[in-house]
Amino acid sequence: MKDQVTENRVQTDTSKISAKKAQVYYGENHAIKDVDVEILDKTVTAFIGPSGCGKSTFLRCLNRMNDTIPSCRVEGKILLDGEDIYDARVDPVQLRAKVGMVFQKPNPFPKSIYDNVAYGPKIHGLTRNKAELDAVVESCLRKAALWGEVKDRLTSPGTGLSGGQQQRLCIARAIATSPEVLLMDEPCSALDPIATAQVEELIDELRSQFSVVIVTHSMQQAARVSQKTAFFHLGNLVEYGSTDQIFTNPKDPRTESYISGRIG
Ligand SMILES: Nc1ncnc2c1ncn2[C@@H]1O[C@H](COP(=O)(O)OP(=O)(O)OP(=O)(O)O)[C@@H](O)[C@H]1O
């Protein structure tokens, strides 16, 4: 099958996150309607769709980031490895260490480069001593392709880096808690083409370790970085499939209209 040929880099068909009849409301506004989807492990999944269709809202459901919005209500089930993440026993802070997030605008803490990355391992007690923490910081900065540029100024403020470097620092910070899933909400929208290419390359490397979900407005980016694509429209998940199939042979006329530029 064509899917399998073009998708030969997908390493697994194991489901990492399952949404079952997921609904999200902001007060009366029904923003996500009946979404069923399986997000695969060690795969990059792109969420695409016109502005306001609910991509970010659905992304934020996956690590309970919507909990911070008072008017927001989530119904249905979101399971991480089969466990309901909305169960009362789940601690959202622990959940967000497992399901990390990188935002549209780089948002380093007003701390040193070192402390930005060390923060998560410290608060979650993931290292036993300074040497271990140093090793985690170095390894995450290396994975984020930033080590070479910052190794001589680890004590300088993270906010003093360029936009692209700040975003890679935020990625290093997000991976420092050894997440199983990384959620990225338009991570390149504030970056220039060179920084975008670096982050895209990084995304491709990260998926050998965990599942990555990326919201993007750029169909070119979705095609470059993802193996699976979900197309949202007016709060509905209209179509989900291999990125190749979605872009070359969409089944739903709404997907076709969007990818050919007729809606959005
Ligand atoms: N914090 C919020 N409070 C109230 N309504 C919200 C909030 N965030 C999003 N919404 C509403 O939910 C719907 C989906 O918005 P969302 O931001 O998830 O869409 P999106 O597809 O990510 O859009 P964009 O591509 O423009 O970022 C919209 O009707 C929006 O107005």
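The values are calculated or read from the model by the stated rules, or taken from the named source; none is laboratory data. Quick caveat, the model's predicted, so the values are computed rather than measured. Areas reflect the complete protein model, heavy atoms only, side chains present, ligands, DNA and RNA absent. Shrake-Rupley method; radii C 1.70, N 1.55, O 1.52, S 1.80 Å.
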Review point. Could you list log10 I(q)/I(0) for the stretch 146-239 at q = 0.10, 0.19 Å⁻¹, which the Debye formula gives when each Cα is one point scatterer?
Key: -0.30, -0.97
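Write down the accessible area per residue of the stretch 128-264 in Å², having rolled a 1.4 Å probe over the full set of protein chains.
Details: 5830 Å² over 137 residues.
That works out to 43 Å² per residue.
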**Study point:** Extension gain from Ser18 to Ile194, taking 0.36 nm per residue of separation minus the Cα-Cα distance
**Key:** 59.9 nm
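Quick one, could you list the DSSP H helices from the chain stretching 15 Å or more along their long axis (Cα atoms) with average Kyte-Doolittle hydropathy of 0.0 or above? Don't skip to the end; give the middle numbers.
Working: long enough: 113-123 (16 Å, -0.05); 130-143 (19 Å, -0.11); 163-175 (18 Å, -0.11); 193-206 (19 Å, 0.33).
Answer set is 193-206.
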Revision key, fill the gap. P(r) over all Cα-Cα pairs of the stretch 136-180, 5 Å bins from 0 to the longest distance, whole percent per bin, short to long, reads 6, 26, 35, 24, 7, 2
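Given the -39500 (n - 2.57) contribution per DSSP H run of 4+ residues, what per-residue ellipticity at 222 nm results for the chain, rounded to the nearest 500 deg cm²/dmol? Mind dumping the intermediate values first?
Values: 11 runs with 95 residues, N = 264.
Calculated from helices alone, the mean residue ellipticity at 222 nm is -10000 deg cm²/dmol.
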**Study point:** Cα pair distances in the stretch 1-156, grouped into 5 Å bins until the bin that holds the longest one, percent each
**Key:** 2, 7, 13, 16, 16, 15, 14, 10, 6, 2, 0
Point to revise | Separation of alpha-carbon centers, the stretch 100-139 and the stretch 177-245, rounded to whole Å | key: 23 Å
Exercise for review: Keeping all protein chains in position, work out how much accessible area His30 exposes to a 1.4 Å probe, and write it in Å² to the nearest 10.
Suggested key: 60 Å²
Check your understanding: Roughly speaking, to the nearest percent, how much of the chain's 1.4 Å accessible area is carbon and sulfur?
Key -> 50 percent
Review point. If Met219, Met184, Met101 are ordered by their accessible area, calculated over protein heavy atoms with a 1.4 Å probe, which sequence runs from highest to lowest?
Key: Met219, Met101, Met184
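Kirkwood hydrodynamic radius for the chain: how many Å is it when counted over pairs of different Cα atoms? Write down the numbers at each step before the final one.
Details: mean 1/r = 0.0528 Å⁻¹.
Over the chain, the inverse of the mean reciprocal pair distance is 18.9 Å.
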Exercise for review: Evaluate the relative contact order of the chain (contact order divided by residue number), counting alpha-carbon pairs under 8 angstrom at least 6 apart; express in whole percent.
Suggested key: 27 percent
Practice item. For the stretch 105-165, state the semi-axes of the equivalent ellipsoid (square roots of 5 times the eigenvalues of the alpha-carbon gyration tensor), sorted largest first and rounded to whole angstrom. Key: 19, 13, 10
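Using only Cα atoms, what Kirkwood radius does the stretch 190-258 have, in angstroms?
Working: mean 1/r = 0.0767 Å⁻¹.
One over the average 1/r among Cα pairs gives 13.0 Å for the stretch 190-258.
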Exercise for review: Note down the accessible area of Val35, probe 1.4 Å, to the nearest 10 Å².
Suggested key: 0 Å²
Practice item. Past 29 Å, Cα to Cα, is the threshold; run Lys16/Lys143; Lys77/Lys98; Lys55/Lys130 against it and keep the listed order. Key: Lys55/Lys130
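Would you kindly state how much longer the chain becomes between Glu38 and Glu75 on full extension, computed as 0.36 nm times their sequence separation minus their alpha carbon distance, in nm to one decimal? Before the final figure, lay out the partial values.
Details: separation 37, 0.36 × 37 = 13.32 nm, distance 1.68 nm.
Fully extending the segment from Glu38 to Glu75 adds 11.6 nm.
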Practice item. Could you pull the Cα extents of the stretch 82-132 along its three principal axes, largest to smallest, in whole Å? Key: 35, 32, 15
